[in-house]
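To keep things clear, I will list the structure first and then write my remarks on it.
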Amino acid sequence: MIKLYSTSNKKILEIVNKSEAELNKFISQNWEAFFPQYLFIKSEFSVEGNVRSNGTSGRIDILAFNPISNKFVVFELKKDKDKNIRNQVSDYKDYIEDNFSQIYLMSLQKYKAPLPLFDKISQDSIEVVMIAKSYSSTDIERVKKSTSKNLTTLIRYMWFENELLLIDYINNDPDD
């Protein structure tokens, strides 16, 4: 169990529970601190039509762009464990690949994202970043052994009192 000690308060800080919406807002507002390698496009990016496996529309928690790989990046956040996170990400990833032109235009025109020209963006694959409190050992091993492991990043997080957020890259840490 991770514990965080505050030298100014001289105590171990308590772990607090925050909602997925609060996590999304905190990450979005502090984007450059957490993910300077990505271009932020939109939080709660709405997608319409046959998006999810069960045929409903949805919202991508955060849509970003990787200027190094020239790929869109889907961020999926979960308040707790990774329950259903892989299926949800897979649905959004497939939707973007199937509706690439529409997503590109919406990002460019509606959200004013400074994207490269259409033919410079990689349309063959989408990167994924999943953020949750925990993951099963099976899911971690699957990602590490996957042929597309560089396209999928797992991050664990913990909230502490005093608005402190700890993030732990399970794989693909940009500082490595």
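The values are calculated or read from the model by the stated rules, or taken from the named source; none is laboratory data. In this text, all values refer to a predicted model and were calculated from it rather than measured experimentally. When we count neighbours, we look across all protein chains shown, and the Cβ atoms used for this are built from the backbone with ideal geometry, even at glycine. Just so you know, the surface numbers come from the protein's heavy atoms only, side chains and all, with ligands and any DNA or RNA stripped out. Shrake-Rupley method; radii C 1.70, N 1.55, O 1.52, S 1.80 Å.
Annotations
- In the chain the Cα-Cα distances spread across 10 Å bins starting at 0 as 9, 37, 36, 14, 4, 0 percent of all pairs.
- As a fraction of the 1.4 Å probe accessible area of the chain, surface on carbon and sulfur atoms comes out at 49 percent.
- For the range 41-176: lysine pairs under 12 Å (alpha-carbon distance), excluding those fewer than 8 apart on one chain: 8
- Look at the Cα gyration tensor of the range 94-176: its axes a ≥ b ≥ c give a/c of at least 1.5 with a/b at or below b/c, and that counts as oblate.
- Positive dipole terminus of the chain, leading residue within 105, 36, 117 (C-beta point charges): 36
- Where the range 87-176 is the region considered: accessible area per residue in Å², 1.4 Å probe: 53
- Volume per residue for the range 1-50 equals 163 cubic angstrom (convex hull of Cα atoms).
- Using only side-chain charges placed at the Cβ, +1 for Lys and Arg and -1 for Asp and Glu, the dipole size of the chain relative to its Cα centre rounds to 320 debye.
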